[in-house]
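Below is one structure, written out as structure tokens; the observations come after it.
What follows is calculated from the coordinates using simple rules that are stated; it is not laboratory data. Note that the structure is a prediction, hence the values are computed from the model and not measured. For neighbour counting, all protein chains shown are included, and Cβ atoms are generated from backbone atoms with ideal geometry for every residue, glycine included.
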2 protein chains.
Amino acid sequence: MAKMTPRTLSGFMELLPQPQQQMERMMQILRETYALYGFTPLDTPIIEASEVLLAKGGGETEKQIYRFQKGDADLALRFDLTVPLAKYVALHGGELSFPFRRYQIGKVYRGERAQRGRFREFYQADIDVIGDGKLDITNEAEIPSIIYQTFTRLGLKRFQIRVNNRKILNGFYAMLGLTEQSGAIMRTVDKLDKIGPDKVRDLLLSDCGLREDQAAEILKFIAITGSNAEVLAALEGYMGRHELFDTGLSELKTVVKYLADFGVPEENFAVDLTIARGLDYYTGTVYETTLLDHPEIGSVCSGGRYDNLAEYYTDRQLPGVGISIGLTRLFYVLGEQGMLNPDLPTAPADVLVLPMTEDLAPAISLSTRLRGAGVRTQLYTEQKKFKAKMNYADKIGVPYVIFLGDDEIAAGVVACKDMKTGEQTKLPFAETLDLIRSGLAEKNKGTVILE
Amino acid sequence: MAKMTPRTLSGFMELLPQPQQQMERMMQILRETYALYGFTPLDTPIIEASEVLLAKGGGETEKQIYRFQKGDADLALRFDLTVPLAKYVALHGGELSFPFRRYQIGKVYRGERAQRGRFREFYQADIDVIGDGKLDITNEAEIPSIIYQTFTRLGLKRFQIRVNNRKILNGFYAMLGLTEQSGAIMRTVDKLDKIGPDKVRDLLLSDCGLREDQAAEILKFIAITGSNAEVLAALEGYMGRHELFDTGLSELKTVVKYLADFGVPEENFAVDLTIARGLDYYTGTVYETTLLDHPEIGSVCSGGRYDNLAEYYTDRQLPGVGISIGLTRLFYVLGEQGMLNPDLPTAPADVLVLPMTEDLAPAISLSTRLRGAGVRTQLYTEQKKFKAKMNYADKIGVPYVIFLGDDEIAAGVVACKDMKTGEQTKLPFAETLDLIRSGLAEKNKGTVILE
């Protein structure tokens with residue numbers, strides 16, 4: 001028979017079992033941490049009607065979208081989790097309680113140009129808090145805590161949550177009479193890290209059409225750095241000149257004020273007046289998260305406050321705040337940087353049971369007991385030489401192998417080999433179980449990311 | 001602004017938060033149970049090249065598939081998890097260890113005619129064990145144990161795992177000289193439950209072209225019922241007439257022999273000579289699982305042994321055994337039957353913290369402590385009347401509400417209300433935490449399915 005050469009599409013991540021187990025650990029930590037903050041899991045369809053998904057329309061999105069006809073229906077694959085959330089809240093709003101706090105971890109699709117490290121199918125891991133008409137600033141203050149816990153539980157230490165407030169920026173530009181140009185200015189200022197202040201000034205003059213004095217004001221403003229207290233003090237100097245600015249500063253002060261109570265260490269947090277987030281719809285606090293030793297990766301968790309989640313679907317005012325982690329890309333980058341902990345167990349099982357008797361009943365019963373005790377157990381019964389069996393155990397990386405022969409059965413013990421130390425014990429079941437459990441607890445102690 | 005009416009496509013399940021939490025519990029139980037048996041999680045792309053996905057070609061599949069063009073690429077959404085597994089093993093086989101045991105829980109797509117309870121996007125939850133060239137019969141004997149554990153952990157009691165062996169059927173039809181007609185006969189016999197033996201006989205004569213004596217032999221054969229021991233004894237009577245039959249009977253005896261050691265009670269298991277599974281590629285043990293009180297649902301977990309997983313992609317002989325649960329449909333049916341446990345917590349949080357002070361710092365610190373202790377905590381800070389806040393707590397179904405006012409802070413206690421009993425305590429943090437933890441353990445005791 002002619003064979004079809006199997007392949008996986010480029011831009012689609014397909015992991016081998018061991019990295020997949022690491023990815024599963026990361027997902028599980030995200031689920032647990034998001035749940036700890038009172039977010040409920042949602043799971044919306046991957047396919048939506050194109051007109052629903054593209055209600056906002058325009059831009060890069062429409063070019064990259066996977067869109068197709070099925071029968072009479074014009075369908076598309078979701079390109080993010082925010083539009084489906086807007087649809088969900090607009091559609092089911094009557095049955096939800098607000099503030100509505102949901103997380104969703106799911107695949108999204110963008111037909112980007114294929115290149116290394118760029119994915120067309122990738123996981124986003126989002127949380128959002130949606131208010132009905134209003135939403136208290138405390139929700140914005142809580143987000144850094146969620147980011148901090150998530151990355152800490154994953155094992156990262158040297159990361160920084162950078163926070164700004166769009167009201168401060170918009171108020172500041174309004175003071176300078178630059179409201180119209182604010183979008184172009186923010187995009188230019190966003191390049192500060194890459195091109196430096198002199199080139200930013202040039203672009204502000206040439207591309208944004210600013211006067212020298214306006215550009216100087218902006219450079220002075222974005223040069224405000226230091227501790228949170230220092231930055232806030234410097235911002236106080238602009239108070240009283242524009243209402244929006246004053247509101248923004250008051251919000252930012254609230255966010256900073258509660259940081260310690262939310263358990264966020266000051267070293268993992270910084271007010272950063274240069275960040276704005278590209279999306280037009282952010283209206284208050286905005287967030288970026290960078291790995292201090294890997295600034296080239298860019299932000300690994302971003303988001304912000306918006307005033308109108310679902311304006312394309314409903315007249316209902318639905319303000320919210322949310323963040324998103326691009327999980328597939330993050331996982332890829334961590335792997336590239338060698339930051340995934342190789343010592344955590346990734347085997348399909350904790351114990352491999354090798355029967356050494358003709359009758360398999362004792363080995364099967366033993367496996368059933370181990371599973372009953374919560375130990376992930378694989379029973380290996382293929383007709384192979386002993387050496388081949390041990391090679392298999394080595395290759396899958398199983399931490400323990402249990403042998404059960406007539407001698408052990410007669411003596412009421414099991415032979416258990418720790419595959420890492422090579423140590424072999426012959427103990428009764430209960431003691432072997434204790435040994436395995438404490439060993440597993442030790443082996444599973446580490447975090448999935450090593451830094 | 002003109003609004004787009006939000007909608008979700010018909011045939012696509014989109015759950016409200018409370019049922020979604022029940023669905024998440026079911027998925028988590030499947031993940032844990034599959035892992036307990038030493039299966040590793042996989043996650044393959046939802047989109048594949050059409051030629052890869054349709055390498056086998058033909059039939060209903062091709063009509064139902066979501067297939068589309070993107071640029072030059074002819075793409076399709078997976079319609080099951082077996083073909084992607086075959087591709088995966090053929091593609092990555094050199095880096096896998098065999099037997100290769102994987103589970104996958106993922107969405108698949110079939111453009112079926114929309115009707116109540118039929119889904120176009122639905123979860124399948126599959127496990128497969130793949131051998132390299134050979135695969136020991138013990139793997140087939142282990143499957144009923146996995147099915148039993150899975151459904152028991154979900155909370156089902158009155159279910160039956162029905163098992164047959166295709167070698168017995170094919171050997172038996174060969175004895176009667178009916179190898180050619182065996183497919184048609186099996187499809188007819190499969191209707192026994194619905195139409196009864198007389199009509200099966202009629203169809204065997206009219207549609208399958210059998211002689212009276214052949215039809216009589218078949219009816220006698222499929223009338224073999226009783227305990228496992230009785231059925232096996234009756235089958236012994238056919239021994240020695242066809243090699244394939246003898247092999248199949250020997251395999252079936254092995255499956256039955258180890259049932260008790262695998263922890264499967266006899267009442268949840270039955271040898272059933274009428275089941276065959278439609279798919280042509282099953283070659284050994286086949287499985288169906290029915291709910292005894294809901295036979296109309298049909299099989300909720302099916303599968304079997306096959307000899308050649310990836311014959312369209314590789315010359316390598318890859319025999320395997322696997323089962324699949326149609327999770328979305330199962331969840332839908334359980335909901336329709338009122339079998340989902342309404343008493344298990346489905347709130348986004350375990351505790352809702354209501355600050356009663358101007359300064360939120362004490363309430364935020366308390367929330368941080370609760371989260372640090374693993375209690376899912378939502379901090380509620382919206383400016384609402386007390387009654388509105390309590391209504392919110394009621395609506396989301398949170399088990400505990402904690403109030404923190406100046407009095408409590410001064411006294412070093414927290415006020416905690418059990419929303420079910422209405423009982424309110426004022427105790428120090430540690431005691432309140434104990435109370436919440438033991439209460440949650442109690443509330444989470446039940447199974448997700450009630451029967």
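Odds and ends about this structure:
- Kirkwood hydrodynamic radius of the range A:66-111, from inverse mean 1/r over distinct Cα pairs, in Å: 12.5
- Summary for B:R116: label point 7 Å along Cα→Cβ; distances to the equivalent points in the other copies, ascending, 5.7 nm.
- Shown is the FRET efficiency for B:D193 and A:N444, computed with R0 = 51 Å from the Cβ-Cβ distance and rounded to the nearest 0.05: 0.60.
- Normalised by the number of residues in chain A, the average gap of Cα pairs under 8 Å and 6 or more apart makes the relative contact order 17 percent.
- Going by neighbour counts of Cβ atoms within 10 Å, the residues B:I195, B:I436 line up, fewest first, as B:I195, B:I436.
- Backbone N within the range A:31-74 under 18 Å of label point (7 Å from B:K384 Cα along the Cβ vector): A:38-40
- ³J(HN,Hα), Karplus 6.51/-1.76/1.60, whole Hz, each residue of the range B:62-67, x for Gly, Pro: 5, 5, 8, 5, 8, 10
- In terms of Cα atoms, the Rg and Dmax of the range B:242-325 work out to 14.5, 45 Å.
- Here the gap between A:T225 and A:Q69, fully extended at 0.36 nm per residue and compared with their Cα-Cα distance, gives a gain of 50.9 nm.
- Straight-distance candidates among the lysines for linking to B:K199, with alpha-carbon spacing under 28 Å and chain neighbours fewer than 8 residues away dropped: B:K167, B:K191, B:K220.
- Tensor-based shape of the range B:1-129 (alpha-carbon gyration tensor, a/c under 1.5 rounded, otherwise prolate or oblate): oblate
- Amide H partners (placed H, <5 Å) of B:D80, local residues excluded: B:Y109
- Bridge type composition, chain B - antiparallel percent by DSSP, nearest 5: 75
- About the Cα centre, charge dipole magnitude for chain B (Lys/Arg +1, Asp/Glu -1 at Cβ), debye: 1220
- Cα-Cα separations in the range B:164-287 greater than 24 Å, expressed as whole percent: 24
- Taking the range A:351-443 and dividing mean pair separation by its residue count, relative contact order in percent (alpha carbons under 8 Å, at least six apart): 27
- Dimensions of the protein assembly as shown based on its C-alpha atoms, expressed as ranges along the principal axes with the largest first, amount to 101, 61, 54 Å.
- Amide H contacts of A:L292 (H built 1.01 Å from N, in plane; Pro and chain starts excluded): A:F159, A:Q160 sit under 5 Å, all sequence-distant by 5 or more or on other chains.
- Helical segments meeting 18 Å axial Cα length and Kyte-Doolittle -1.0 threshold in chain B (DSSP H): B:17-36, B:138-154, B:192-206, B:243-257, B:429-443
- Chain B residue nearest the axis that carries B onto A, by Cβ, with distance in whole Å, is B:F68, 2.
- Each of B:K107, B:K384, A:K420 was scored by other Cβ atoms within 10 Å of its Cβ. Arranged with the fewest first, they read A:K420, B:K384, B:K107.
- Copies compared at B:E51 - label distances in nm, ascending, label defined 7 Å from Cα in the Cβ direction: 3.7
- Per-residue ³J(HN,Hα) for the range B:95-109, Karplus 6.51 cos²θ - 1.76 cosθ + 1.60, θ = phi - 60°, Hz, x for Gly and Pro: 9, 9, 9, 10, x, 9, 10, 10, 10, 9, 10, x, 7, 10, 10
- Summing charges over all other residues whose Cβ lies under 10 Å from the Cβ of B:V129, with Lys and Arg as +1 and Asp and Glu as -1, gives -1.
- Computed FRET value (nearest 0.05) for B:T5 with A:D307, which takes r as the C-beta separation and R₀ as 22 Å: 0.50
- With all pairs of different C-alpha atoms in the average, the Kirkwood value for the hydrodynamic radius of the range B:347-451 is 14.1 Å.
- Reduced Cα scattering model of chain A, Debye log10 I(q)/I(0), q = 0.12 Å⁻¹: -1.09
- Under 5 Å, built H, 5+ apart or other chain: amide partners of A:Q317: A:G133
- The string of couplings for the range A:298-310 from the Karplus curve (6.51, -1.76, 1.60, θ = phi - 60°) is x, 6, 9, 7, 9, x, x, 8, 10, 9, 8, 5, 10 Hz, one whole number per residue in order, with x for Gly and Pro.
- If R0 is 25 Å, the Cβ-Cβ spacing of B:N341 and B:E423 corresponds to a FRET efficiency of close to 0.60.
- Across identical copies of the chain, B:E442 has label-point separations of 3.9 nm, listed in ascending order, with the point defined 7 angstrom from Cα along Cα→Cβ.
- Positive contributions from Lys and Arg (+1) and negative ones from Asp and Glu (-1), summed over other residues with Cβ under 14 Å from the Cβ of A:S97, come out at +1.
- Estimated D of the range A:270-401 in µm² per second, where Rh is the Kirkwood radius over Cα pairs and Stokes-Einstein applies at 4 °C, 1.567 mPa s: 65
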